[in-house]
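Worksheet: the structure to be examined is printed underneath.
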Amino acid sequence: MASDQQLIKATACAIVDQLNAGTVTPLELLDALEARIAEVDDKVNALPTLCFDRARRFATELMKKPLGSRGILAGLPVPIKDLTAVAGVRTTQGSRIFQDTIPARSNLLVERLEENGALIYAKSNTPEFGAGANTFNDVFGATLNPWDLSRSAAGSSGGAAAALASGTAWLAHGSDMGGSLRNPASFCGVVGMRPSIGRVAISPSVAIARTLSVQGPMARNVEDLALMLDAMSGEHPADPLSLPLLPDTFRAAARSGRKPKRVAYSPDLGITPVDPEVVAITRQAALRFEEAGVIVEEAHPDLREAHECFHVLRAYDFALSKARLLRDKRDMLKPEVIWNIEEGLKLKVTDIERAEGQRVAMAARAYEFFQTYDLLLCPATIVPPFPIEQRYLAECNGTTFENYVQWLAIVYAITLICCPAMSLPCGFTSRGLPVGLQIVGPPRGEAALLAGSRVLEDILGLRGSTPIDPRAAA
């Protein structure tokens, strides 16, 4: 049997193969994770809520099934972001308002993961209600970046990304409205994907047609990410927006070796300042596609309305989902959440009409753009990991941002055009901090996105950089 250290460093795909062969058991994986968490998580605070007893009960039941019939994940443990309900497990949403909440039923996506052989053993840390790309809250405190414990792990899926980077998860679940799967993947040197709207079925709340936020996978490499997306995907009658499974698996797409013919690189999507070192690293990574015979050109779709459009639609979503909390629990909300709800309550129907029209126009222009280019490449974050004490990035390259969200334009613009996108590790700064390349696929083009990303991942040669032991600043 492999040692705990060997298991922790193994890929998720390799572990699933071992599970299906019977050379490792789900209970042995849980033991290895529990030991690793005890060793490192007090340094990073990625997984503040553990539920190993629950996971072992599920593992015991799963092991009664024959080998090879235990689902896509076959007994692989997975943490769930603390915004998402897991039956019988404390689910706080990073808020003091819900700090003692224990849901009676899991979200549909958790039920699907468990049907596909996932063992839920932990909840990953998140900012309050997932608001803000720095993972801290008044319930559990801050999640620190394993590459440099003085730095942010970003957010809002910061706990998930830090767990992957520090070896307390093989795969992880997250969610993404304004880059919450992509930002932390970039800051922590792992892979995070925002899938298409409806690719992952969820339990609807507040409104059926909430399409800014989606649920998605995180992992340490592209093939593992594809495996997780396979386990999360599929339609469900309780989610009217959910999409049916495709004929071929995402893991097969990632392993296909299919190369894009022509890709576009943009340093800024024409809408945001970017740190010069980040531009240099991401441009160099994008150009390495040429080694596979891929044409790389500098271009991007016209996204000029992104700031105004996202501000309005995000504010509307906050008002829709959290106005009651503002009325009843204002003193328990952080200032950024209060501001976002109040911005939503100020909106007129004409504001929403204009923003929705802008989104339709940008999505149409992006669709046309992808008739010429197979993929769009750009930075996943506009700066390297910043000090944990900063609530958010207030300035970049001489530009001061108007609010706590605006620095995320390079990812929220992609949210608006409804395209799948991921952050792929592409290099390190002079301080040794990870930088992510955002790779965007055409609408509903996860298969092409995964295939192309795997090709570039092979060229860059950074697969296997994680997990690491958490480290203090040099």
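Here Met218 clears all of (1) more than 17 Å from Leu424 (Cα to Cα); (2) not in a loop (DSSP other than H, G, I, E, B) except the condition numbered (1). The combined condition, being without any contact (Cβ under 8 Å) to a residue 60 or more places away in the chain, outside any helix (DSSP H, G or I), open to solvent by less than 40 Å² (accessible area, probe 1.4 Å) and of a type in the set (Gly, Ala, Ser), is not fulfilled by Ala46.
Against the conditions (1) without any contact (Cβ under 8 Å) to a residue 60 or more places away in the chain; (2) β-branched (Val, Ile, Thr); (3) within 27 Å of Phe428 (Cβ to Cβ), Ile341 satisfies every one except (3). Name the residues in the range 99-126 that are farther than 20 Å from Leu76 by Cβ, in contact (Cβ under 8 Å) with a residue 40 or more places away in the chain and out of contact with any Pro (no Cβ under 7 Å at 6 or more places or on another chain), would you? Within the range 99-126, Gln99, Thr126 meet the criteria. When you look at Ala363, is it surrounded by fewer than 21 Cβ atoms within 10 Å (Cβ to Cβ), farther than 27 Å from Glu290 by Cα, of a type in the set (Gly, Ala, Ser) and touching a strand residue (DSSP E or B) at 6+ places or on another chain (Cβ under 9 Å), yes or no? Answer is no for this residue.
Which members of the range 60-108 meet the condition of being part of a loop (DSSP other than H, G, I, E, B) and charged (D, E, K, R)? The answer is Lys64, Lys65, Arg70, Asp82, Arg90, Asp100, Arg105. Summed over the range 428-474, residues that are touching a residue at least 60 places away in the same chain (Cβ under 8 Å), open to solvent by 10 Å² or more (accessible area, probe 1.4 Å) and not in a loop (DSSP other than H, G, I, E, B) total 8.
If we scan the range 233-255, do we find a residue that is touching a helix residue (DSSP H, G or I) at 6+ places or on another chain (Cβ under 8 Å) and under 20 Å from Met177 (Cβ atoms)? Among the residues of the range 233-255, at least one is touching a helix residue (DSSP H, G or I) at 6+ places or on another chain (Cβ under 8 Å) and under 20 Å from Met177 (Cβ atoms), which makes the answer yes.
The values are calculated or read from the model by the stated rules, or taken from the named source; none is laboratory data. Because the structure is a prediction, the values reported are computed rather than measured. Methodologically, a virtual Cβ is constructed for each residue, glycine included, from the backbone with ideal geometry; neighbour enumeration extends over all protein chains shown. These accessible areas exclude ligands, DNA and RNA; they are computed on the full protein's heavy atoms, side chains included. Shrake-Rupley method; radii C 1.70, N 1.55, O 1.52, S 1.80 Å.
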